[in-house]
Amino acid sequence: MADKIKLTKAGKEALEKELRYLIDDAREDVKKQLAEARAQGDLSENADYDAARNRQAEVEGRIKEIEDILSNFELIDDEKGSKRKEGKVALGSTVTVRFLETGKEGKYMIVGTVESNPFSNKISNVCPLGEALIGKAVGEVVEVKAKKNYKVEIVKIGA
């Protein structure tokens with residue numbers, strides 16, 4: 001069996017909400033679009049029909065993807081992960097780091113790959129920075145193995 005997909009409580013809830021939307025709303029919208037396109041007649045050169053079929057494939061593919069994730073996940077305990085009890089970075093931790101080269105600070109939440117979104121400062125536990133931070137404590141300086149290696153200091157763990 002494949003490894004469990006790691007999800008925070010918020011990530012799980014977001015996926016469940018998206019799944020409900022896709023099943024209840026998006027699927028119905030696509031059915032209406034297909035019906036309207038069929039009503040136009042010849043389907044062989046009907047761009048609206050082709051677009052609706054493409055949207056249907058996208059919606060059904062995403063539904064399947066979310067169902068697969070929700071059938072094989074492990075909930076990350078946001079409140080009391082064992083490493084966090086020890087004051088160390090773990091999945092679900094929010095970490096403030098100082099980039100030693102520039103002196104700038106960044107705040108990141110360490111999440112599983114499914115939830116990662118660098119634009120929202122949610123980084124995966126398997127990305128170079130996330131991987132380097134896991135298991136480390138405040139005050140530690142870690143080297144991040146990337147295209148060009150760099151060092152960060154852990155300033156704070158927690159919100």
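Once the C-beta distance of S71 and N117 is scaled by a Förster radius of 22 Å, the resulting FRET efficiency is 0.50 to the nearest 0.05.
The magnitude of the dipole of segment 5-75, with charges of +1 and -1 set on the Cβ of Lys/Arg and Asp/Glu and taken from the Cα centre, is near 260 debye. Computed packing ranks the peptides 41-49, 131-139 as 131-139, 41-49, most packed first, by mean other Cβ atoms within 10 Å.
Relative to the longest principal axis of the Cα atoms of the chain, the long axis of helix 27-39 makes an angle of roughly 30 degrees. Here the peptides 107-117, 11-21, 88-98 are ranked by packing, the mean other Cβ count within 10 Å, and the order with the highest first is 88-98, 107-117, 11-21.
The angle between the Cα long axis of helix 9-21 and the longest principal axis of the Cα atoms of the chain comes to about 10 degrees, rounded to the nearest 10.
Computed from the coordinates by the stated procedures, all read-outs in this text should not be read as laboratory data. Since the structure is predicted, the reported quantities are computational estimates derived from the model, not experimental observations. Glycine also receives a Cβ, built like all others from the backbone with ideal geometry; neighbour counts cover every protein chain displayed.
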